[in-house]
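S.K.: Below you'll find the structure I mean.
The values are calculated or read from the model by the stated rules, or taken from the named source; none is laboratory data. Keep in mind that what you see is a predicted model, and the values were worked out from it rather than measured. Please note: Cβ atoms are built from the backbone with ideal geometry, for glycine as well, and neighbour counts cover all protein chains shown.
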Amino acid sequence: MTYTTLIAATELQALIASGQPLMVFDCSFDLTSPSAGAQQFAQAHIPGAVYADLDKNLSAKHGAPGVHGTLVAQEADQPASGGRHPLPSRERFAMWLSSVGFSNDMQAVVYDRQGANYCGRLWWMLKWAGHDAVAVLDGGLQAWQAAGGAVASGDEPAHFQSNFSLHTPLRRLVTASEVLQNLQRPTQTVVDARATPRYRGETEPLDPVAGHIPGALNRPFGLNLGSDGRFKPAALLRAEFDELLAGRNPATVVHQCGSGVSAIPNLLAMEVAGFGKTSLFAGSWSEWCSDPARPVERG
């Protein structure tokens, strides 16, 4: 069986027992302490999991592309988006997947211990790389342990190099220029996943400008989870997004947040709710507000 949105802890246990080609990724991270995720992984993780670091593996380096002296390397190092956590190119991402032994025939399962805030990034990136068989572990490591799942500590043995091949993107990446071009047109509905005080411009702890993209709707990403840390039932998510969109076409939705990471739980929740595929503005607010010519709304 292939899992493409969420997978329960008991389903993952059965999948592991089945022997189906599988790789589990631990994406735990802490924006205020970038080394904390790796430390958490070392303390406890699902046995055999590969650690995926938001800064080192799931984001491009800031600055000029290309340090290896060849055109191919320069193209591979060119970020695919702007913002505080710029996406690496698809080619660079494929190189990393190959380096950890992930191959096209594998089911991927991603998790964290921060309410799906960070593992969603890898879920979306694999879809963007053309790989559909990827699911978020619903409830994260906490749900795994609550279901009696074993944990390991320390390092995991290295995997043999594979040759992951890119395919046609399965999710749409939107640029800042596209968002600007379609600003407040009925063909685009921007949904901002940041906390409401940041959206309103009442506070801004990370970026130089406070506020939001004009016309954007606000849905803090944590609203997608219930008190148990799992995604809310599909029917409830659908009702909440219907209320938010207020008649707007779900297919027009472009998700954003501060740096393109915490927008993914909203995007995933819409798919769980049955709305289909929506788009991601990965550069998000951090890229948008970097150009003073782009308009800003507050309140």
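S.K.: Does at least one position in segment 151-160 carry a residue that is part of a loop (DSSP other than H, G, I, E, B), closer than 30 Å to Phe41 by Cα, out of contact with any strand residue (DSSP E or B) (no Cβ under 6 Å at 6 or more places or on another chain) and among the aromatic types (Phe, Trp, Tyr)?
M.R.: The answer is yes, given that some residue of segment 151-160 is part of a loop (DSSP other than H, G, I, E, B), closer than 30 Å to Phe41 by Cα, out of contact with any strand residue (DSSP E or B) (no Cβ under 6 Å at 6 or more places or on another chain) and among the aromatic types (Phe, Trp, Tyr).
S.K.: Starting from segment 10-29, keep only residues that are in contact (Cβ under 8 Å) with a residue 24 or more places away in the chain and assigned to a helix (DSSP H, G or I), then list their pairs with residues that are of a type in the set (A, V, I, L, M, F, W, C) and surrounded by 20 or more Cβ atoms within 10 Å (Cβ to Cβ) whose Cβ atoms are within a distance under 7 Å, requiring at least 6 positions of separation or different chains.
M.R.: Leu12/Val109; Leu12/Leu137
S.K.: Exactly one condition in (1) over 16 Å from Asn266 (Cα atoms); (2) in contact with a helix residue (DSSP H, G or I) (Cβ under 9 Å, 6 or more places away or on another chain); (3) surrounded by fewer than 17 Cβ atoms within 10 Å (Cβ to Cβ) is false for Gly211; which is it?
M.R.: (3)
S.K.: Being crowded, with 16+ Cβ neighbours inside 10 Å and not in a helix (DSSP H, G or I): is that true of Ser286 here? Outline the logic, then answer.
M.R.: Details: crowded, with 16+ Cβ neighbours inside 10 Å: yes; not in a helix (DSSP H, G or I): no.
Answer is no for this residue.
S.K.: Go through (1) assigned to a loop (DSSP other than H, G, I, E, B); (2) within 19 Å of Leu12 (Cα to Cα); (3) free of Cβ contacts under 8 Å to residues at least 60 places away in the same chain; (4) of a type outside the set (Lys, Arg) for Leu126 and report which single condition fails.
M.R.: Checking Leu126 against (1) assigned to a loop (DSSP other than H, G, I, E, B); (2) within 19 Å of Leu12 (Cα to Cα); (3) free of Cβ contacts under 8 Å to residues at least 60 places away in the same chain; (4) of a type outside the set (Lys, Arg), the one that fails is (1).
S.K.: Please work out which residue is surrounded by the most Cβ atoms within 10 Å (Cβ to Cβ), limiting yourself to segment 179-197 and to residues that are touching a strand residue (DSSP E or B) at 6+ places or on another chain (Cβ under 8 Å) and assigned to a helix (DSSP H, G or I).
M.R.: The qualifying residue surrounded by the most Cβ atoms within 10 Å (Cβ to Cβ) is Val179.
S.K.: Still on this model: Residues Ala116, Ala143, Ala133: which one is closer than 27 Å to Ala195 by Cα, surrounded by fewer than 21 Cβ atoms within 10 Å (Cβ to Cβ) and aliphatic (A, V, I, L, M)?
M.R.: Ala143
S.K.: Taking the stated definitions as given, is Arg121 under 30 Å from Ser18 (Cβ atoms), in contact with a helix residue (DSSP H, G or I) (Cβ under 9 Å, 6 or more places away or on another chain), at pLDDT 95 or above and crowded, with 19+ Cβ neighbours inside 10 Å?
M.R.: So Arg121 passes the test.
S.K.: So which residues in segment 1-16 are of a type in the set (A, V, I, L, M, F, W, C), farther than 16 Å from Arg230 by Cα and either touching a helix residue (DSSP H, G or I) at 6+ places or on another chain (Cβ under 6 Å) or surrounded by 14 or more Cβ atoms within 10 Å (Cβ to Cβ) (or both), if there are any at all?
M.R.: Leu15, Ile16 - these are the residues of segment 1-16 that are of a type in the set (A, V, I, L, M, F, W, C), farther than 16 Å from Arg230 by Cα and either touching a helix residue (DSSP H, G or I) at 6+ places or on another chain (Cβ under 6 Å) or surrounded by 14 or more Cβ atoms within 10 Å (Cβ to Cβ) (or both).
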